[in-house]
Structures are given as structure tokens and as C-alpha cells.
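Remarks on the structure that follows.
What follows is calculated from the coordinates using simple rules that are stated; it is not laboratory data. All of these numbers come straight from a predicted model, not from anything done at the bench. Neighbour counts run over all protein chains shown; Cβ positions are idealised from the backbone, glycine included.
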2 protein chains.
Amino acid sequence: MSKTYVHGYHPRENERLQDQAGTLVDLLHSDTAYPPGSLVLEAGCGVGAQTVTLAQRSPDARFISVDVSAHSIAEAKRRTEAAGFTNVQFQQADIFALPFRPESFDHVFVCFALEHLSRPVEALAILNKLLKPGGNMTVIEGDHGSTYFHPESRAAQMAIHCQVELQRLAGGNALIGRQLYPLMVQADLEAVHVSPRMVYVDSSRPDLVDGFTRKTFTAMIEGVRESAIRAGIIDPEAFDAGVRDLHRTAEPDGVFCYTFFKGVGEKRRRV
Amino acid sequence: MSKTYVHGYHPRENERLQDQAGTLVDLLHSDTAYPPGSLVLEAGCGVGAQTVTLAQRSPDARFISVDVSAHSIAEAKRRTEAAGFTNVQFQQADIFALPFRPESFDHVFVCFALEHLSRPVEALAILNKLLKPGGNMTVIEGDHGSTYFHPESRAAQMAIHCQVELQRLAGGNALIGRQLYPLMVQADLEAVHVSPRMVYVDSSRPDLVDGFTRKTFTAMIEGVRESAIRAGIIDPEAFDAGVRDLHRTAEPDGVFCYTFFKGVGEKRRRV
């Protein structure tokens, strides 16, 4: 985990992740709720963008949320407490060196974390070992290769490619969403079921045009401008042209598409 | 309509279109049913791949199904009669010169037809004029730019690009699915609602691996091999490598994604 976290740790980036969770919360989380008394590990909680949602939807479950970044953990803790939830315990920990005993958790939840890991199957296998028999694991990831829009624009695709390339250079994979099924199967989860969660945006949904196309996706791409130029992946003019074309898709005749993937798998029962 | 129909008119191609409708019928058509006694125009019925489904789901509606190809109309008629339906009347006609009076139809249905037209808004506007006030129009189209898969493959994307390019050279647009909303709005339909219908295929769904990834999508791409090579878009080795990689996505650790778009809009009421 010595690699750079591609989204950065800046306040504005945190705000974007929070906006994202606010806009997408139903699409991604409406079918996740844990029974009273169950113990759930949230692995890679970041700044707590999903933690509040988890705690809210399962008020009688107990959560342990971990992240490799002490700074993120502090922010996640602040937010969760500010929202009035007392059923979450935070702990700074590396996903590859978790301080928990095997079969300690009823459920594991991982959201937007695998995309940053160079060994995602190994991480899932470690998390799988922490599950009690009969427990399940939920994994949610985006896939930047699922992005397409109208008007089509090569410049915009090149700007998006900067994010994909930076994430790859940092050891991650921005195209991981589509791979959830094989990754979870390889990590020995069983009864794996993956469902795509497509965000389709046209001007009949001004809330999504603003909340997703502009403030979530395009803002995320805009956020890697300096890093992409510094890494020599693109020149400033080409990047800015791409971002202009992404904003163009938010015009009244524009359309924007992006897909998240949600996978649920069960701990294999002993025979 | 003097341009070449990119899918061809060969029996094997017809079989593929039929297979496609069989596999995708629920995804695309389960929310389309017309009330008893209503008169529905199916524009661009082709070989009747959707006609049987329409007639089956709305047994007490009456359909007039038109296509520019007399040969396709004959095949569509044969199939619909073989399936025992008597509520469909077939007529050979060009969508830009339809022999119907304004406001003749309660509903209009268009599926996989706009993608072949160089003036899709004009076609929709013509069809809109045929609708009675209060009637609605349903449009379904695919979008080859929505295709992505695991393992990722540039060769496979190049083979898909051949189909997109051939369709473009024939005056059509294989990326039209994402554009349904603006096209329908430009054709003066109102209350337009577009919903994506994503086909997500992993090896937990062997029926879709075989029925969609292999027999629908990859078979369609394989079908343009000779045309693409003859048009100088690609060389045989590159094309065959791409098709091999498409088949690779149907292996147990492969994933395949494609999205259709379905739009419904209403005839503007007179004020």
C-alpha cells in the first residue's frame, strides 16, 4: 500500500466522494441491509462516504470500518459521529495485514477499494477468511471503461484514459468493475452474483446531469489534470479539450452513461 | 433506402436475429403491451423477429408491420402465420413514404430500424405524424459502443469497429442507442423516457454466454468478416484475432457487457 491513492486526499476530493455517495446511494446500496446484532467489516472505508449509509440502513448491526490511511479514518469517524451513529468502530489497518481472527465477521463490505489494490484476489481471499461460515461479502466497484456518451468525443475518452492510466501506474485498476465475478470466484467465494448498476443520464433528469455527469464523473476527471500532465500522459490543451467535451455531454441534447458493478458472494461452507 | 442493409439478408443472419429476439425478449419487450382494439404500426419489421413477440403480448391489438424489403416482409409474414397469429397485416413500404394518413395509429413501434437510417429524426417525425393525439411511440435500439468485456482486447474492439464502420458507410449508425432521448425530443415527441437495458453476461449464466455473447453478438461480428476485408477496413488476421478474443470472453472467467436502449414518447397533444 505504498502506492499513491489516485483520487488524492484533498478536502475537495472528499466532498466529491461524498456527493457521489449522496447521488448514487439508492442505486448502489438499497439492497444492502444487515440483521440486528450482526458484525460487519467495512474494508477500505476511506473518508466514510459509504459508512454513514451502511450505519443508517442497518442501525442494529455493528460495523468495524478500517482503512490504511489514518487521516481518512479520522475524517470517516468525524462524519459518522456528526451523523449521530454509534454503531461503527474505526480502526487504521492495512487490508493485507488485518488484526482480526479468522471467521470473526458475519459480513464483509468493500466499496471502491479493490480498484486501488494491485492484488485484488489476494485481498478478497484474506477478507473471505475473516467471514464466518454462511456469511457473505458485498463488493461494489466502478468501471471507467463503461463510460460512453453523446456527443461521442475522442478527446473526452483520452481525458478519461488519463485517470485509468494514473490508477494503473499507482498499482490499481480503474476497469475492475466488470471483473468482479471472476475475481470473487477466484477468491473462493461461492454463489457469486454480480449485478450491473448503470447510471444513465439525459436531460430529463437534471439532478443526475448535475449530481453525476458534472459533479461526480467530470469533477473526478478534472481532479487528475495536474497529475496527468506531470506524468506526461497528456498535454494541457488535449486534457482541457476532453474535459470541455465531458461538460458538453451535460447539455440538453447530451447523454452520459456509466456502470457500477455490485457482487455478493458467500463464504464456502465446510463439508 | 438505396444503401446496403449491413446485417445482410441471408438465412443464417435471419436465424441470428431470431435467436437474438428469443434470448432478449423479456429484457426488451416485457413492458410493452397494447390495449385490445388498438391499432399499432410496426415500422421496419425486417424478417419479423419482433413481430411475433408483439402479436403474442398484445393478442387483441391489431398490427400493421411494414418494411422496405419485400423479401423480409414475405419472411415475416410466413413466420407470424406459422406462429398462428392473425392480428398482423404486412405491407412493403419505405419509412420515408408511408401510405398512411396522419393520425391513423394509436401506437408506433420501432425496433432495430433507426440504426440503419441516415435521417433518423426525419423518420421519427414522419412516424410521429401518424400517431393519434395521446398515442405513444416505442423505440428500441442497440449501441455497439456500449460493448466492453473481460479480458479487455484491442483486437476485439477493432473487429467490433468494423461493424460500426460498415454501418456508417451504409448510411446508418451503430452507436444510435445512446442518442434515443435527443432524437425523440428533436422529433417533437413529449414526455420522452429512455431506459437502458443492459445485458451483463458472466459464467453463472451459461444461457446468456451461449445465447448472447456467442450466438448473438460474436456471430453478428463474424458475419461482417468478408465485407470488412473487402472494404479495406481490416486485414483477415487482425479480424480473426478480434473474433478469437470475443470468444475468449465466453470462457468461465470471461465477462461480456452490451446495452440496448428503449425509449417511449408521447404524441404532443393539441392545445
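For the reader, a short list of remarks on this structure follows.
- Note on the stretch B:35-169: Kirkwood radius taken over Cα pairs, Stokes-Einstein applied at 10 °C and 1.306 mPa s, translational D equal to 99 µm² s⁻¹.
- The A:His247 and A:Lys129 beta-carbon pair, evaluated with R₀ = 56 Å, returns a calculated FRET efficiency of approximately 0.80.
- Computed about its Cα centre, the charge dipole of the stretch B:10-159 is approximately 280 debye, with only Lys, Arg, Asp and Glu carrying charge at their Cβ.
- For the stretch A:147-171 and the stretch B:147-162, distance of Cα centres in Å: 16 Å
- Rounded to 10°, Cα long-axis angle of helix A:154-169 versus longest principal axis of chain A: 40 degrees
- Computed across chain B, the Kirkwood radius stands at 19.1 Å (inverse of mean 1/r, all Cα pairs).
- D (Stokes-Einstein, µm²/s), Kirkwood Cα radius, the stretch B:90-195, 1.567 mPa s at 4 °C: 85 µm²/s
- The Stokes-Einstein estimate for the protein assembly as shown, based on a Kirkwood radius over Cα pairs and taken at 25 °C with 0.890 mPa s viscosity, is a diffusion coefficient of 98 µm²/s.
- Low-density loop cleavage sites - GluC sites (Glu not before Pro) in the stretch A:49-110, where at most 16 other Cβ are within 10 Å (DSSP): A:Glu103
- Of all chain B residues, the closest to the B-onto-A rotation axis by Cβ, with that distance in whole Å, is B:Met198, 3.
- Crossing angle, helix A:236-248 versus chain A [Cα axis fit, 0-90 degrees, rounded to tens]: 80 degrees
- For B:217-227, mean number of other protein chain Cβ atoms within 10 Å: 0
- Extending 7 Å from the Cα toward the beta-carbon at both A:Arg154 and A:Arg57 defines two label points whose distance is 4.1 nm.
- Theoretical ellipticity at 222 nm over the protein assembly as shown - DSSP helices of four or more residues, -39500 (n - 2.57) apiece, nearest 500: -10500 deg cm²/dmol
- For B:Phe100, the point set 7 Å out from Cα toward Cβ sits 6.0 nm from its twins in the other copies, listed from shortest up.
- Estimated from the Cβ-Cβ distance and a Förster radius of 25 angstrom, the FRET efficiency linking A:Arg168 and A:Ala33 is about 0.10.
- Within 10 Å of the Cβ of each residue in B:140-153, the mean number of Cβ atoms contributed by other protein chains is 3.
- Between the alpha-carbon centres of the stretch A:117-139 and the stretch A:199-245 there is a gap of 32 Å.
- Averaged over residues, the count of other Cβ atoms within 10 Å places the peptides B:150-162, A:167-179 in the sequence A:167-179, B:150-162, highest first.
- Counting from the shortest, the label point at A:Asp31, 7 Å from Cα toward Cβ, is 1.6 nm from the same position in each remaining copy.
- Out-of-range pairs (alpha-carbon distance over 25 Å; input A:Lys77/A:Lys267; A:Lys215/A:Lys262; A:Lys267/B:Lys215): A:Lys77/A:Lys267; A:Lys267/B:Lys215
- Inter-copy separations for A:Asn87, label at 7 Å along Cα-Cβ, nm, ascending: 5.0
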